Amino acid sequence: QDTLIVWSEAENYDLALSFQEKAGCDEIWEKICQVQGKDPSVEVTQDLIESEEEHIEEMPETSPLIDLPTCELNKLEEIADLVTSVLSSPIRREKLALALENEGYIKKLLQLFQVCENLENTEGLHHLYEIIRGILFLNKATLFEVMFSDECIMDVVGCLEYDPSLAQPKRHREFLTKTAKFKEVIPITDSELRQKIHQTYRVQYIQDIILPTPSVFEENFLSTLTSFIFFNKVEIVSMLQGMDDLQVRSAATDIFSYLVEFSPSMVREFVMQEAQQSDDDILLINVVIEQMICDTDPELGGAVQLMGLLRTLIDPENMLATANKTEKSEFLNFFYNHCMHVLTAPLLANTSEDKCEKGNVTGFFSPSLKSYCALLFLVDNYQTAQLLALILELLTFCVEHHTYHIKNYIMNKDLLRRVLVLMNSKHTFLALCALRFMRRIIGLKDEFYNRYITKGNLFEPVINALLDNGTRYNLLNSAVIELFEFIRVVNIKSLIAHIVENFYNALESIEYVQTFKGLKTKYEQEKDRQNQKLNSVPSILRSNRFRRDARALEEDEEMWFNEDEEEEGEAVVPPVEKSKQEDDFPDSYEKFMETKKAKESEDKENLPKRTSAGGFKFTFSHSASAANGANGANSKSVAAQTSPASSNGSSSKNATLTTAVTATKGSLVGLVDYPDDEDDDEEEETSPRKRPRLGS
């Protein structure tokens with residue numbers, strides 16, 4: 001075939017010679033044909049094996065078998081010649097195998113071996129070596145079952161000791177029975193399992209030690225022997241998996257650990273290939289995750305070890321990247337599609353709505369978050385809390401190292417909201433794990449994550465945890481304050497605005513650190529900067545930008561065009577002086593505020609009446625005595641009105657924003673209505689220090 005010469009050896013075994021140039025291939029082909037006595041102009045000279053294989057398939061069951069000589073000492077040479085002669089013909093090998101199987105011939109041969117060895121009949125022993133070796137090369141599993149049975153295997157090994165090419169026979173049986181010792185790494189009481197382990201060891205010894213290294217033409221003769229050993233090992237592993245024994249699991253974990261440490265890429269390649277043939281629930285990684293989840297050790301020793309192995313497997317730092325293949329993208333796609341749902345299952349189950357009802361714990365989220373109420377009662381169990389902490393540790397690792405995949409998963413599953421349910425756990429270490437997960441997300445300074453957090457109001461459980469912690473100076477207190485300090489120092493504007501506008505009323509009483517006052521200062525500085533930008537814009541652009549009401553827009557347009565018609569000969573957009581900017585702005589702003597005020601009144605009339613449970617609930621203490629458990633005896637309702645000051649000292653009508661504040665037993669519930677348009681809030685000419693305090 002151009003630069004290839006191909007041929008077959010025995011069954012299902014093809015070989016090929018490849019040449020760089022066709023001329024060299026043709027030269028070798030001519031020499032081969034010369035030796036074979038064939039015409040080199042013919043492309044195919046080998047047709048014997050193919051025709052014989054087709055003949056085997058069509059061979060009737062009644063086809064005459066090979067007649068075996070009687071099993072006697074004086075016939076051993078004849079038997080040896082027969083066995084050796086059939087190896088080159090697939091049809092004759094098949095017939096000989098059937099004859100040996102049907103007549104129980106192998107056991108009779110092994111009886112002759114014992115006779116020859118007792119008589120020290122060296123010639124007979126040499127013939128028996130050739131016979132047994134030839135039977136192995138017949139490559140038939142049915143014959144292996146007989147030869148490797150407990151009854152026969154040691155006699156088979158004995159026959160193979162008498163190699164005619166050796167001056168003295170080897171002592172393989174002595175090694176197997178006396179030198180080799182079976183060491184039980186774990187106790188094995190199953191007799192069938194023990195027998196299978198012994199058999200596999202001895203057959204492996206025959207293949208690797210006793211039989212000479214096969215030539216390239218003999219290599220395929222032992223393919224079934226290799227398969228026999230492989231399936232024995234599969235059976236042993238399967239029998240060990242039925243075993244519910246801690247020592248067995250520990251040993252299996254150690255073996256898996258060695259494999260992962262030796263070559264994580266090899267393990268990843270295996271599991272990706274496995275996914276093409278198996279269901280998700282029996283994939284190796286999912287089995288590992290399930291073993292981690294189901295660890296019965298109170299200290300979760302096995303789960304910790306397995307979690308470390310999973311971490312190694314999903315670590316991009318040890319993933320290979322070549323020109324044609326990127327292991328990172330392929331494996332992470334596999335992991336997030338087939339395995340991540342198994343890893344997060346306990347976390348999602350322990351923060352689900354129906355479980356919260358069973359726990360009978362009052363909710364601490366606002367109505368928008370009520371489906372994720374309090375922590376599941378199962379988390380009160382220390383072992384469950386430890387497991388969730390392990391899972392969160394792995395997910396935090398994913399946030400740090402898997403940017404694209406974990407982001408999609410968090411957004412699609414609303415995972416952060418579910419994780420923050422655990423902030424209410426009585427186990428502080430679990431609450432800290434949940435907080436650490438959020439801290440890693442914020443630490444990425446990714447605006448996609450920031451919008452997800454602000455839209456979902458996901459700071460609320462964190463602030464609740466801080467306020468519920470009271471005046472206690474502990475790790476939870478420090479970790480929460482560090483989170484907000486990071487936001488302040490890095491100046492994440494979107495998060496600062498969200499925190500100040502929604503939670504500053506609840507946080508302004510915390511004065512032992514300057515973090516929250518610093519956030520307010522950052523917020524006011526940003527507002528001032530925006531106001532300065534706004535003041536530098538011509539009044540005509542400002543007024544157009546401020547208009548939100550369609551009718552007001554139409555009136556201004558008519559006024560503009562009327563003025564345009566009256567002022568003939570002037571430019572369409574006349575030059576505007578600074579004094580005119582200052583004069584025009586109050587009127588435009590006044591019109592905007594009147595429109596906004598009317599809209600707020602209309603919205604309030606349409607709003608459903610809210611109950612005390614319907615607003616944001618902040619359970620926090622206003623004083624040290626309240627933090628220590630003191631509760632106010634009376635509840636009060638306070639209605640406060642504030643008015644924003646107009647910019648640049650210009651007069652304008654005051655717009656009022658009504659805030660209903662209810663303080664009950666050390667808790668504050670605030671209900672505040674705001675315009676829907678975010679641009680309005682940003683562009684109001686309101687002095688930040690005189691703004692209404694924004695509740696949650």
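The values are calculated or read from the model by the stated rules, or taken from the named source; none is laboratory data. Predicted model, so just to flag it, every value in this text is computed and none were measured. Positions of Cβ are backbone-derived with ideal geometry, glycine not excepted, and every protein chain shown enters the neighbour counts. The protein model used for the area step is the full one, side chains on, heavy atoms only, and it has no ligands, DNA or RNA in it. Shrake-Rupley method; radii C 1.70, N 1.55, O 1.52, S 1.80 Å.
The residues of the range 75-180 have, on average, 46 Å² of accessible surface per residue, using a 1.4 Å probe with all protein chains present. Rounded to the nearest 10 square angstrom, Leu73 shows an accessible area of 70 square angstrom against a 1.4 Å probe. Using the 1.4 Å probe convention, the accessible area of the range 424-528 works out to 41 Å² per residue with neighbouring protein chains retained. Rolling a 1.4 Å probe over the protein heavy atoms leaves His338 with an accessible area of roughly 50 Å². Nonpolar atom fraction for the range 445-531, defined as the carbon and sulfur part of the 1.4 Å probe accessible area, stands at 53 percent. Once you reduce the range 112-189 and the range 286-343 to the center of their Cα atoms, the two points are 45 Å from each other.
Among the chymotrypsin sites (Phe, Trp or Tyr not before Pro) within the range 227-318, not one is in coil by DSSP while having at most 10 neighbouring Cβ atoms inside 10 Å. Can you give the local net charge around Asp280? Use residues other than it whose beta-carbon is closer than 13 angstrom to its beta-carbon, Lys and Arg +1, Asp and Glu -1. Here the charged neighbours net out to -4.
A DSSP coil position with no more than 15 other Cβ atoms inside 10 Å describes the following GluC sites (Glu not before Pro) in the range 140-202: Glu151, Glu184. Only Cα sites of the range 75-180 enter the Debye sum here, all with the same form factor; the resulting log10 I(q)/I(0) across q = 0.12, 0.15, 0.19, 0.23 1/Å is -0.39, -0.61, -0.97, -1.35, listed in q order.
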